[in-house]
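The values are calculated or read from the model by the stated rules, or taken from the named source; none is laboratory data. Source: prediction; values computed, not measured. A quick note on method: Cβ atoms are made from the backbone with ideal geometry, for glycine too, and the neighbour counts reach across all protein chains shown.
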Amino acid sequence: MNHPCVVTLERDSAPRTVFSGDQLIEIDLPAGTRVIYPRPTIEPLKDVDAAIRYAISHPENSDPLHARLRPGMRVTIAIDDISLPLPPMKRPDVRERMLTILLELLADHGIEDIEIIVATGIHRRMKAAEVRHMVGDKIFNEFWPERLYNHDAEDPDNMVEVGVTEQGEVLELNRRAVESDLLIYANINFVPMNGGHKSVAVGLCSYKSLRPHHNPDTIRKSDSYMDPRKSQLAHDIARLGKLANQKLNVFCIETTLNNRMFDPSLDFLMKNEDDLNEREKALLKGLVLSTARLPQSARQAIFDRFPAPYGCTGVWAGETAAVHEKVIERSFEQYMVPIEGQADVLICPIPFISPYNVHAYLNPLLVQVLAQGYLFNMYRGAPLVKKGGTMIITHPCTDKFDHEQHAPYIEFVHRILPETRDAHVLRHKYEEKFAKNPAFIQMFRTGHAYHPAHPFFMWYWGENGRQHVGRVIVVGADNEYIPKLLGWETAASMDEALYRAKLEDGRSPEITLLHVPPILMGDMAMPVGGQR
């Protein structure tokens with residue numbers, strides 16, 4: 001029996017409205033198509049501040065935070081960067097709430113040597129206004145920029161080797177964090193691959209420490225990197241995270257959010273189109289028409305202007321692994337939709353935002369990350385599409401890049417990708433040399449560009465999707481060059497794409513539409529003898 005979030009379309013079903021970048025489009029799908037909608041939004045905690053205070057006083061597998069404090073300590077607090085949640089959260093951001101409570105507690109214990117690090121890893125540096133939005137005016141005004149700043153993974157004076165794992169992986173971390181008496185990591189767990197050992201071991205590390213696990217083989221061995229128990233990526237990172245916990249005094253705080261991505265005025269975008277009332281139908285039709293007519297910058301502004309009203313659904317604190325078990329359980333509670341049987345064709349609308357283009361255009365490489373990386377991996381048990389099946393995406397695939405954030409991407413896509421799409425060749429022939437490019441390093445350290453290794457990691461991120469899916473067909477592309485460069489086909493319409501995805505034996509394909517955003521994950525139950 002179908003879950004309420006799984007709808008099988010009938011002949012008279014309304015068209016489905018999906019994202020194609022920052023445009024909303026209508027698509028007609030055949031009767032029998034299975035549409036998977038996000039789960040209903042979990043109600044947020046009634047008193048988030050009280051939940052934070054309770055968590056740090058009643059931690060998992062750890063002494064209470066107050067018992068670990070003493071006057072004169074050197075304390076560093078690390079927080080997640082702008083890559084989550086998506087879109088950015090309405091104020092007060094849960095990070096501001098955690099910081100406010102932590103700073104009060106530290107002050108009560110006579111601790112003055114406090115610094116706050118935005119754990120960017122090799123992501124771009126956050127801008128002052130972005131940090132202010134995240135931490136609030138009071139904390140920003142008191143700490144920025146001397147005691148509240150972005151992690152710099154390429155600053156040799158402020159990176160220190162912590163140790164080496166049994167696999168020979170070097171863990172190199174932020175010096176201030178390593179040399180502190182206590183490191184507190186205050187996290188937001190937006191998707192199941194966030195948090196846990198990834199927080200410190202990735203957020204505060206260098207390229208040297210990322211390279212051992214951010215590679216094609218690790219991704220290929222990850223049977224959904226959104227399911228930590230079966231993710232080789234999570235296992236590899238855990239080795240480094242455990243080493244960090246052995247060498248450093250770490251206390252973590254993790255929070256979960258619900259899926260209320262849209263402002264109340266747009267929350268009808270989460271609903272089954274057949275269940276909309278007349279007012280919601282009119283609003284949806286107006287949004288489809290307006291995004292079709294407006295220029296791209298204006299379309300993006302529609303969604304950029306509304307911070308997401310996410311609600312905090314859980315707070316846990318203490319020892320990293322024990323905390324993260326609770327967090328993953330709550331994340332799955334919000335995201336998992338039970339599904340029976342894989343599809344021949346998986347349709348994935350590509351929205352306007354990813355973790356790596358906040359306040360910037362979603363460039364072609366990031367379209368690939370969302371399609372064959374994140375959306376393909378939104379499952380537990382087995383992929384939503386059969387081995388060798390077809391993925392259909394909706395996106396213009398415009399050859400457009402943000403020159404401030406994504407300068408290294410431009411050269412990767414237009415100079416290196418035309419030579420080879422083979423991830424192993426890219427890694428062994430180009431990655432390290434590219435990662436040391438002095439001009440790109442300068443843009444990373446003093447501007448707001450991603451690290452020059454980042455586009456390589458973004459290509460690897462889609463590796464298990466590339467190995468599993470037989471073909472990708474793009475509906476709505478405004479050019480053929482970019483899809484062809486990515487190894488994809490194009491179709492002028494959804495009807496054409498579905499016609500070309502017909503099975504060789506003449507059977508009608510089983511079609512599934514992943515109705516995103518907001519985030520959802522398929523909990524795949526396989527029939528006896530089923531494919532993977």
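Structure notes:
- Test: residue in segment 324-342 that is touching a strand residue (DSSP E or B) at 6+ places or on another chain (Cβ under 8 Å) and hydroxyl-bearing (Ser, Thr, Tyr): yes
- Applying the criterion of being modelled with pLDDT of 95 or more and over 18 Å from the mean Cα position of the chain (by Cα) to the residues of segment 247-266, the residue that is surrounded by the most Cβ atoms within 10 Å (Cβ to Cβ) is CYS252.
- The residue list ALA238, ALA244 contains one member that is more than 16 Å from the chain's Cα centre (by Cα), among the hydrophobic types (A, V, I, L, M, F, W, C), assigned to a helix (DSSP H, G or I) and within 25 Å of ILE519 (Cα to Cα), which is ALA238.
- Scanning segment 61-70 for residues that are in contact (Cβ under 8 Å) with a residue 24 or more places away in the chain and surrounded by fewer than 19 Cβ atoms within 10 Å (Cβ to Cβ), we see that the one that is farthest from THR256 (Cα to Cα) is ARG70.
- Qualifying residue in segment 386-393 (condition: under 20 Å from TRP488 (Cβ atoms), surrounded by fewer than 21 Cβ atoms within 10 Å (Cβ to Cβ) and modelled with pLDDT of 95 or more): yes
- Residues of segment 247-275 that turn out to be outside any helix (DSSP H, G or I) and closer than 30 Å to GLN167 by Cβ, as a count: 7
- Looking across segment 186-227, the residues that are part of a helix (DSSP H, G or I) and under 25 Å from THR76 (Cα atoms) come down to LYS198, SER199, VAL200, ALA201, VAL202, GLY203, TYR207, LYS208, SER209, LEU210.
- Some residue of segment 235-258 being of a type in the set (Lys, Arg) and more than 29 Å from HIS66 (Cα to Cα): no
- Residue within segment 79-86 that is closer than 19 Å to ALA317 by Cβ, in a strand (DSSP E or B) and outside the structural domain of ALA497 (by TED's automatic domain parsing) present: yes
- Conditions (1) at pLDDT below 95; (2) in a helix (DSSP H, G or I); (3) buried (at least 17 other Cβ atoms within 10 Å of the Cβ): number failed by ILE328: (1)
- All of (1) of a type in the set (Phe, Trp, Tyr); (2) surrounded by 22 or more Cβ atoms within 10 Å (Cβ to Cβ); (3) without any contact (Cβ under 8 Å) to a residue 40 or more places away in the chain hold for PHE434 with one exception: (2).
Conditions (1) free of Cβ contacts under 8 Å to residues at least 60 places away in the same chain; (2) not charged (D, E, K, R), marked per residue:
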| site | (1), (2) |
| --- | --- |
| MET134 | yes, yes |
| ARG147 | yes, no |
| GLU154 | no, no |
| VAL160 | yes, yes |
| GLY163 | no, yes |
| GLN167 | no, yes |
| ALA177 | no, yes |
| ILE188 | no, yes |
| GLY195 | no, yes |
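- Among residues of segment 122-174, those that are surrounded by 19 or more Cβ atoms within 10 Å (Cβ to Cβ) and either at pLDDT below 95 or part of a strand (DSSP E or B) (or both), counted: 8
- Among the residues of segment 473-523, those that are of a type in the set (Ser, Thr, Tyr) and part of a loop (DSSP other than H, G, I, E, B) comprise SER493, SER508.
- Segment 31-54, residues that are in contact (Cβ under 8 Å) with a residue 24 or more places away in the chain, closer than 25 Å to MET336 by Cα and more than 24 Å from the chain's Cα centre (by Cα): GLY32, THR33, ARG34, ALA51
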